[in-house]
Structures are given as C-alpha cells and as structure tokens.
Amino acid sequence: MTLQIRGERQQGQDVRTQNVTACMSVANIVKSSLGPLGLDKMLVDDIGDVVITNDGATILKKLDLEHPCSRVLVDLANLQDKEVGDGTTSVVIIAAELLRRANELVQQNIHPTSIISGYLKAKKDACQFCEILKTRGYNRSTSKYLYLSTFIPKKGEND
C-alpha cells in the first residue's frame, strides 16, 4: 500500500527566494523591538486578548506561522531562550540576514557548498575571537588592535 500526497514539488531559486522572504518577514516583525529603545508591539489573539510587549521571545511565541522556514526561526529563538535566556530577537535577525546574504551569493552563481564553507570559517574565526576576548579581557581602547592582530595572518602562516 502506497500513501500518495497530492501536491506539487517545487525546487530551485524561486523556492530559495520564498524561504528567505518568509524568514525576513519574521525578522522584520521583531526588528523594531530590539534594544533599549525598541518599540512595544500590541498583539491581539483570536479571542481578543491583548498583550503589549517588546520581548522578542513573547512576540515570536504569539505568531501563528505556517511557512516551514519561519517556524524554524521561531524554534531557533525558543532554543536560544531556553539555553541562554536572552538574545532571541538578535538570533532571528542575524539568521535571517545570513540567509538573505547567502541567497544573494547563490544568485551570483556561487555554489552553496562554497557559501557554507565560508560561513563555517567565519564561525571558527568568531569563536576564536571570543576565546581571545575571554582570556585577555575586553578593552575598548585596544579592541581594534586586538581584532586586527587576531585575524591578520602572520608571516609563514598558510591558514
């Protein structure tokens, strides 16, 4: 017995663009609530209950999303909230922006594997920089020098 699902299979650039658009829509919803000067959102549910908040996690929990990519962003924010307790809005905005930039690169005929490799290298460098900050401490006056000395290859380094 075979279970058949009626529908059409879509693939290619159009689907990628739809996915990025869905993620950017979610990011745009919470973007204006970011930071100490963030705006409050008034959310009204189906039965008329009103919630006023500028907390990204609360806003995302109240959204009724159907698009799978949007739900992945909400799941990402929930994981961030559970693990760290803060930064849900920032995580959504950064993830959506990374997807948007990756989509632009794919449109320029850069292979997705190359884009992923670049993101993994950036992640490695960011983690290395955080470790340096953790061990040396953050000093505002030397932060530019610290950053540059961390990522400019020394003579003889090939990595």
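The values are calculated or read from the model by the stated rules, or taken from the named source; none is laboratory data. Quick caveat, the model's predicted, so the values are computed rather than measured. Note: ideal-geometry Cβ built from the backbone for every residue, glycine included; neighbour counts use all protein chains shown.
Just the residues that are more than 20 Å from ARG16 (Cβ to Cβ) and either at pLDDT 95 or above or loosely packed, with under 15 Cβ neighbours inside 10 Å (or both), please, taken from region 79-121. Spell out how you get there, then give the answer.
Within region 79-121, the subset more than 20 Å from ARG16 (Cβ to Cβ) is 79-91, 121.
LEU79, LYS82, GLU83, VAL84, GLY85, ASP86, LYS121, listed by residue number.
Assess whether LEU43 counts as being outside any helix (DSSP H, G or I), surrounded by 13 or more Cβ atoms within 10 Å (Cβ to Cβ) and modelled with pLDDT under 95. Even if it seems obvious, please write down each step before you answer.
Numbers: outside any helix (DSSP H, G or I): yes; surrounded by 13 or more Cβ atoms within 10 Å (Cβ to Cβ): yes; modelled with pLDDT under 95: yes.
Yes, satisfied.
So which residues in region 1-60 are farther than 28 Å from GLY87 by Cβ and among the charged types (D, E, K, R), if there are any at all? Walk me through it before giving the result.
Pass one, region 1-60, residues farther than 28 Å from GLY87 by Cβ: 1-15, 46-48.
Scanning region 1-60 gives ARG6, GLU8, ARG9, ASP14, ASP46.
Please identify the pairs in which a residue from region 20-41 that is of a type in the set (Asp, Glu) has its Cβ atom under 7 Å from the Cβ atom of a residue that is modelled with pLDDT of 85 or more, counting only partners at least 6 apart or on another chain.
Going by the 7 Å Cβ cut-off, the qualifying pairs are ASP40/ILE52; ASP40/THR53; ASP40/ASN54.
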